[in-house]
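**Q** Can you read through this structure? Questions will come right after.
The values are calculated or read from the model by the stated rules, or taken from the named source; none is laboratory data. What you see is a predicted model, and the numbers here were worked out from it, not measured in a lab. Ligands, DNA and RNA are excluded from the accessible area calculation, which covers all protein heavy atoms including side chains. Shrake-Rupley method; radii C 1.70, N 1.55, O 1.52, S 1.80 Å.
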Amino acid sequence: MTPFRSATATALASTLLATMLTGCQFGGQAQDNTPIFIAADLELSGAAAGVGKAYRQALDLKVDQLNNSGALNGRRIELLVKDNRSDASESLRNIADFSNDKRVSAIIMGGCNDCAVGAVRTVNEKQIPTVALAAAGAVTSPVADRRYVFKLAPNAADNAGALTVELRRRNIRTVGVLRSDDTYGREGLQALRGEFDKAGIEVLAEASVKGTDTEVDRQSGTLATAAPQALVLWTPPEQAMLAANAVRRTGFKGALFLDAAAAGDLFLGASGKAAERATMVSTQTMVIDDVIATTPAKAARRQWFQDYTARFGGYHGSSSFAADAVQLIVDAELRAGGPAGQVDREGIRDVLETSQMDGLSGPIRMTPDNHSGLMPQALTTLVARNGRWRLAS
């Protein structure tokens, strides 16, 4: 695993209740009943609609929880949502519209890497705090050119480090890599090669897949023909499950390893047999029902898992990132203060830049030098057993 990033000694409270009480502590303006407007640019249609739907559900649930908590000093959160159709150009139009709406405190962007990277210039020019759920490091780096942009998804270097640890533990020395054909996929391949070189693991073949691809047989056949001991699937959830089925149809018997961006539904459905015994790096919340709630943070994650499952009938691995984005923005709004009825975007940005909490996704630490908040400790190893993801024993 890559070294843990340093963090300051003091952290905000780790549970849902505690983070909401933090807002009460710092808000101090009970007379302000102005709604907190949070905008969301999501992939609700198009290639990434599955993940976008999960984000939308998570945002709705988290907003309802906070609005019903009594911890917002008499204020309420209003969510403004636009569909970017999984298209970077449409996303950019949405960001411009949200930026020009003076009511909006901050924007949450979905998992589209090219959308988030493409919006960086507009976000900075408009000076509107934005929390992206996309994984690409280019979303927040270099920080000097991205003062108003933050992200919560796992980092490529952390994913690559965790996957390499598992490959070495299994004594796997040759792999094939299927990556997404976007910024995150290219970052991932570079990060994997760096870790593999240090571990003595050879990449025998590699291939890429577009987010719009609905079949990956050609790429899967190329990788299987190279006969590696394992395949690393560094793609969104839909393509990862397509690839698992495709490589099994070729007769490939090797191991499958998935990075955190492939975390989708808890239950694998029709892909369950093909993905059986696959290994995935993800956050603990994905399988929190396997974890004994020994800390307030784990108890809060278990409650989130149960609440999400009860409302929507299942669980999606990306949902906790959207919920944490709402919590970060609301805490920042309440702590930033400012005149009643006015949005202090600069103050919100300043608070976000030093935000710390034990979130639903895991420990989150933002600093002026690092706007990618999810810590490496948030990642754990999961295994597919009997058609669902379980905590690896």
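**Q** Could you look at the chain and say what percent of its accessible area is carbon and sulfur, using a 1.4 Å probe and all protein chains?
**A** Reported share for carbon and sulfur atoms: 49 percent.
**Q** Here's something else I'd like to know. What are the principal axis extents of the Cα atoms in the chain, in Å, biggest first?
**A** So the three principal-axis extents are 67, 44, 38 Å.
**Q** Taking 0.36 nm per residue of separation and subtracting the Cα-Cα distance, what length does fully extending R168 through Q127 add?
**A** 10.3 nm
**Q** Over the heavy atoms of R311, what accessible area does a 1.4 Å probe trace out, to the nearest 10 Å²?
**A** Roll a 1.4 Å probe over it and R311 shows about 110 Å².
**Q** Once the convex hull of the alpha carbons of the range 209-314 is built, what does its volume come to per residue, in cubic angstrom?
**A** Here the figure is 109 Å³ per residue.
**Q** Report the far tail of the P(r) of the range 175-238, meaning the percent of Cα-Cα pairs longer than 18 Å.
**A** 32 percent
**Q** Could you work out the mean projected area of the convex hull around the alpha carbons of the range 49-123, in square nanometres to one decimal?
**A** Here the figure is 5.3 nm², rounded to one decimal.
**Q** While we're here: Any idea what the relative contact order of the chain is, in percent, if you count C-alpha pairs under 8 Å spaced at least 6 apart?
**A** 20 percent
**Q** Hey, what number do you get for the chain at 222 nm if only DSSP H runs of n ≥ 4 count, each worth -39500 (n - 2.57), divided across all residues, to the nearest 500?
**A** Calculated at 222 nm, the ellipticity per residue is -13000 deg cm²/dmol.
**Q** Using a 1.4 Å probe, what is the accessible area per residue for the chain, in Å²?
**A** Ligands and nucleic acids excluded, the result is 39 Å² per residue.
**Q** Now, a different point. Round to a whole angstrom and tell me the spacing of the C-alpha centers of the range 72-97 and the range 99-167.
**A** Going from one Cα centre to the other spans 15 Å.
**Q** For a distance above 26 Å, tell me the whole-number percent of Cα pairs in the range 55-193 that qualify.
**A** 36 percent
**Q** Here's another thing I want to ask about it. Which angle from 0 to 90°, rounded to the nearest 10, does the C-alpha axis of helix 296-312 make with the longest principal axis of the chain?
**A** For helix 296-312, the angle is close to 80 degrees.
**Q** Starting from the eigenvalues of the Cα gyration tensor, five times each then square-rooted, give me the equivalent ellipsoid semi-axes of the range 317-391, largest first, whole Å.
**A** The answer is 32, 14, 7 Å, longest axis first.
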